[in-house]
Structure formats: structure tokens, C-alpha cells
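The values are calculated or read from the model by the stated rules, or taken from the named source; none is laboratory data. Just so we're clear, the structure is a prediction, and the values are computed from it rather than from any experiment. Cβ coordinates were reconstructed from backbone atoms using ideal geometry, including for glycine residues, and neighbour counts include every protein chain displayed. Note: accessible area is taken over every heavy atom of the protein model, side chains too, but ligands, DNA and RNA are not part of it. Shrake-Rupley method; radii C 1.70, N 1.55, O 1.52, S 1.80 Å.
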Amino acid sequence: MTAISLVTNASVADDLRIRSTVPSWLRVFGERLREVVIIVDQSAPTGRIARLHGTLGSSASLAEAIADLEAGDRRVRHQFFPGAEPPQATARRWFRRGVPLRCQAGTPILAFARAFDSAAENLVLRADCDMLFVEAGWLDAATKLLRSGAADLVEPPRLGQPERSKTVEISTRALMIDRQAFDARCLPLPAHRLDVLRRLHRRLSGRPTWVALEQMFQREKQRGHLRHVVLENSLGYSMHVATRDDVRVEGFAEIVAQFEHRAMPAAQNGRWNFLPAAWVGAKS
């Protein structure tokens, strides 16, 4: 049985979600999961991310949530970003030039890269801390694709994406890599930026000019430098719990348990984002 590392990123807005998602990961992946590493981004949110989440949660509530998770399972641990290693060190490993800390919308880039680097295992699943999973064979399928060299990035099945696809655009919500192979074949990457006009506008407003990491991956895929596969729903699912309010839905813990066992209302079936109304209506 091949062990994996599951790594994630968390900010002050994520205290409630990690209390639900991390225990779910431990249940779903069981003994296959050697560790869950939470990379805590100590930088203040910026741009669109700040507008969405910047005023929610606190460092204290996030720290308390992480402490409770670590006390509940020895496989859970955390690191801080930047921490002891400066961002420049991660940038030198991942990119040919530049230090792309965040993209123009405020989404982390180097913190995501550091998450991959923090894993103890060679097979690494990096997932946003607002993702839930059903595992019905996709983990073995991803492992086979990565170890055979047939893919560089493999995504778990997306709820609502019925067939395995090599053409769908890359998302960093959940990505699995073979670290050794990925490092040798794909790194360092070009650090892609916006087009010239939008780059000028962002500079005038004091914002970064980098595109998001998933867009950098997508450009390399289009150039034929990176091979990417999204697995089919017959092997399981992933679902995105987009907001803190989603977690506050009555009976959310029960909803997570139902999802893990593939018992979901029809209205949720074709949607990657969690639809609270579908579950509440089904329960009433």
C-alpha cells in the first residue's frame, strides 16, 4: 500500500473549514495517508482574496483549530510560511526568475509551492483546505499515471466532471504529483505574468503582475511542457466548500459524512461547489 502526503494551505479565514475537512481526509484516506501538513500563511490577505476573506477569522482561532487537529491525530502537523526558509529559496527552486509571492488577485503562489515541498512522501496531494473527497479508486489510478510517467499533474475526479479529461483547464484546488518526477521534468517553471496592458495597470495600482499558479501550469500545458489529467467520477469525487457560511449550515457534519459515503441529493450531483440548499432541502 503506497503512502501519500496530503498538504494544504490555511489562512485566518480557514479555521472553521479545517475543523471539518481535515478529519474527513483522515477518514477517507485512512492508512494511505502518512501525514496532513498545514502550511499557515502569515502574510495578510490582499486583493480579491482580502475582499472575500480578509476580515473573517483570526490568528488565534486558526491556531486553536490546528492545535485541536494535531492533538486528535499525530499525522497532522503544521508549518508557517515564510517560516525559517525565505520565500526566495522556494522561488529559486520553482521558477526560472522572479519571486511570485501572490498573483494579481491575491491568491498565494509561493505558499502553494512550499506546501508541495513540505511533504515527507514522494507522492503528494496538495488540496485547498476547503475540499472534500470521496475515494473509490482514484488514488490508485493517480499513482499509476504518475509513476508510469504518463502524467505530471493528476486531479481527483471533480463532482460534475463525468469523464477523465486531458483537455479541461487545470485547477489547483486539488492536484497530485510524484515529487521526484515532477522536479526533474517540470521545474523550474517560467513565472508567467499578465499581458502588457494589464501588467501596466496592476503596477500603477501597486498590485502584483503574476498570473495564478494554476494559470502558469495551464500555459505550460498548452506549450506541451506539462501533462495533466482529471480522473473520472466512477473513481470518486471532490467537492469544493467555498465559504465559511457553507460550514455553518445546520447539520454540516452529517452532510460531510453522507458525502463521504456517496449519498448525496440529485441537485448536488452536477456541481463542483457545495450547494447548501440541495442538502437542507433533502433533509427537510
Q) Which ranges mark the helices (runs of 4 or more DSSP H) fully within the range 1-87 that have 2 or more residues being modelled with pLDDT under 95 and of a type outside the set (D, E, K, R)? A) 47-53, 59-72
Q) Is it fair to say R93 is in contact with an Asp or Glu (Cβ under 6 Å, 6 or more places away or on another chain), open to solvent by 40 Å² or more (accessible area, probe 1.4 Å) and closer than 22 Å to R219 by Cβ? A) no
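Going by what's in this entry, would R147 be described as under 18 Å from M216 (Cα atoms) and not β-branched (V, I, T)? Outline the logic, then answer.
Details: under 18 Å from M216 (Cα atoms): no; not β-branched (V, I, T): yes.
No.
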Q | Hits in the range 193-206 - residues which are part of a loop (DSSP other than H, G, I, E, B) and either free of Cβ contacts under 8 Å to residues at least 12 places away in the same chain or open to solvent by 30 Å² or more (accessible area, probe 1.4 Å) (or both) | A | D195, S205, G206
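Filtering the range 237-254 down to residues that are more than 14 Å from D130 (Cβ to Cβ) and charged (D, E, K, R), which residue is most open to solvent (accessible area, probe 1.4 Å)? Show your work before the answer.
First, pick out the residues of the range 237-254 that are more than 14 Å from D130 (Cβ to Cβ): 237, 250-251, 253-254.
Next, only the ones that are charged (D, E, K, R) stay: 250, 254.
Working: E250: 159, E254: 95 Å².
That would be E250.
Select from the range 266-284 the residues that are polar (S, T, N, Q) and open to solvent by less than 60 Å² (accessible area, probe 1.4 Å) and list them in ascending order.
To start, the set of residues in the range 266-284 that are polar (S, T, N, Q) comprises 268-269, 273, 284.
Passing the criteria: only Q268.
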Q) What number of residues within the range 224-236 satisfy the criterion of being surrounded by 18 or more Cβ atoms within 10 Å (Cβ to Cβ) and under 12 Å from W138 (Cα atoms)? A) 6
Q) Yes or no: A263 in a helix (DSSP H, G or I) and either over 23 Å from V22 (Cα atoms) or open to solvent by 20 Å² or more (accessible area, probe 1.4 Å) (or both)? A) no
Q) Could you count how many residues in the range 229-250 are under 16 Å from P23 (Cα atoms) and not hydrophobic (A, V, I, L, M, F, W, C)? A) 2
Q) Residues of the range 242-254 being under 22 Å from the mean Cα position of the chain (by Cα) and either assigned to a helix (DSSP H, G or I) or basic (K, R) (or both), which ones? A) R244, D245, D246, V247, R248, F252, A253
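Among the residues of the range 212-223, is any over 24 Å from A13 (Cα atoms), at pLDDT 95 or above, more than 22 Å from the chain's Cα centre (by Cα) and surrounded by fewer than 17 Cβ atoms within 10 Å (Cβ to Cβ)?
Within the range 212-223, one or more residues are over 24 Å from A13 (Cα atoms), at pLDDT 95 or above, more than 22 Å from the chain's Cα centre (by Cα) and surrounded by fewer than 17 Cβ atoms within 10 Å (Cβ to Cβ).
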Q: Check A257 against each of (1) within 27 Å of V28 (Cα to Cα); (2) within 21 Å of the chain's Cα centre (by Cα); (3) surrounded by 17 or more Cβ atoms within 10 Å (Cβ to Cβ) and name the one condition it does not meet.
A: (3)
